[in-house]
Number of protein chains: 2
Amino acid sequence: MVGGTFDPLHDGHKRLLDRSFEIAGSDGQVIIGLTTDAFVSRKTHPVCPFSARQADLERYLVSRQYSTRWVIEPLNDRFGSAIDADFDAIIVSEETLPVAVEINKLRRNAGRKKVDIHQISCVLAEDGRWISSTRIYRGEIDIHGHVLP
Amino acid sequence: MVGGTFDPLHDGHKRLLDRSFEIAGSDGQVIIGLTTDAFVSRKTHPVCPFSARQADLERYLVSRQYSTRWVIEPLNDRFGSAIDADFDAIIVSEETLPVAVEINKLRRNAGRKKVDIHQISCVLAEDGRWISSTRIYRGEIDIHGHVLP
């Protein structure tokens, strides 16, 4: 399981997704939680509608020609189905490691097995700081981390 | 990179090692840090000598017939070569996640790239608690997590 808003889909997201597919393996399945418009309305900057973000995400996933199965699920809160579902691993970025640790605590409290947690390092922009949607929105960098004039 | 005392080598260790090899992939390399006798002298129970633990570990790794290369390095402290070496990912158990987070902070301070962190869930014994060397030493469970009379 992996989740995000993916707006715009930048090189950090692509690394997170690519590693998720590697970890799932060709026999596995990747469940991608995509934040709903209601959930992301808390963000500090405007976000594209769910349908547009889903289309971008699907276009990227299809282009990668993964042999692993995948499915996109709407994410209405930080956890989605991660507390109750039967799955093996959760993939997070550096920012969201605490959410994964919390998910395992809640799973344990609910009598479910803990899942492996994979924290994928963020991709750095040219200036040595993280690529992030907020920085792209502000016009500091592009989706590949190039610094904009 | 993965590390431990591996004494005795139990099913939790085996899961940690197996997942490390899966994550490294057949083109990769797994560096296994094995705690030195001086370092483990801080443990609350006696530990087999380094040479015996190394021999057990090597026997297990050879039996698995991994195609991935591997090397055992002595671990004199919690970090070993993890601060300075050029590598991609660190594999930890639930107990040692904070060490991995600290390693990334120290790497960042030293101007090195952060590494991915993979936290592999502990294997549960029959009684639903973790398999651990301490519990095996106490005679509560065997290396496969069976509860002993």
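Ellipticity at 222 nm from helices only: DSSP H runs of n ≥ 4 in chain B, each -39500 (n - 2.57), divided by the residue count, give -10000 deg cm²/dmol.
Of all chain A residues, the closest to the A-onto-B rotation axis by Cβ, with that distance in whole Å, is A:118, 2.
Could you list, in their original order, any pairs among A:43/A:114; A:114/B:14; A:105/B:14; A:14/B:113; B:14/B:113; A:105/B:105 whose Cα atoms are separated by more than 26 Å? In this structure, A:43/A:114; B:14/B:113 exceed 26 Å between Cα atoms. Working from label points 7 Å from Cα in the Cα-to-Cβ sense, the residue A:124 to residue A:11 distance is 1.2 nm. A simple charge model with +1 on the Cβ of Lys and Arg, -1 on the Cβ of Asp and Glu and nothing else charged puts the dipole of chain A at about 360 debye relative to its Cα centre. Taking the Cα centre of chain A as the origin and placing charges on Cβ (Lys, Arg +1; Asp, Glu -1), which of A:149, A:12, A:117 is farthest toward the positive end of the dipole? Positive-most Cα among the choices belongs to A:117. With q set to 0.22 Å⁻¹, the log10 of I(q)/I(0) for the range A:1-68, from the Debye formula over equal scatterers at the Cα positions, is -0.95. Based on alpha-carbon centroids, what's the gap between the range B:20-68 and the range A:70-105 in Å, whole number please? The range B:20-68 and the range A:70-105 have Cα centres spaced 31 Å from each other. Counted residue by residue at 0.36 nm each, then reduced by the alpha carbon distance between them, the extension gain from residue B:83 to residue B:106 reaches 7.6 nm. The residues packed around residue B:54, meaning those with a beta-carbon under 13 Å from its beta-carbon, carry a net charge of -3 if Lys and Arg are +1 and Asp and Glu are -1. The Cβ shell under 13 Å around residue A:45 holds other residues with a net charge of +2, Lys and Arg each +1, Asp and Glu each -1.
Measuring nothing but how far apart in sequence close Cα pairs (under 8 Å, 6+ apart) lie, relative to its length, the range A:26-101 scores a relative contact order of 44 percent.
In chain B, the longest principal axis of the Cα atoms and the axis of helix B:97-109 are about 20 degrees apart.
Throughout, read-outs are computed from the coordinates displayed, never taken from laboratory work. Note that the coordinates shown come from a computational prediction; the quantities given were computed from them, not determined experimentally. Every residue, glycine as well, gets a Cβ built from its backbone with ideal geometry; the counts of neighbours run over all protein chains shown.
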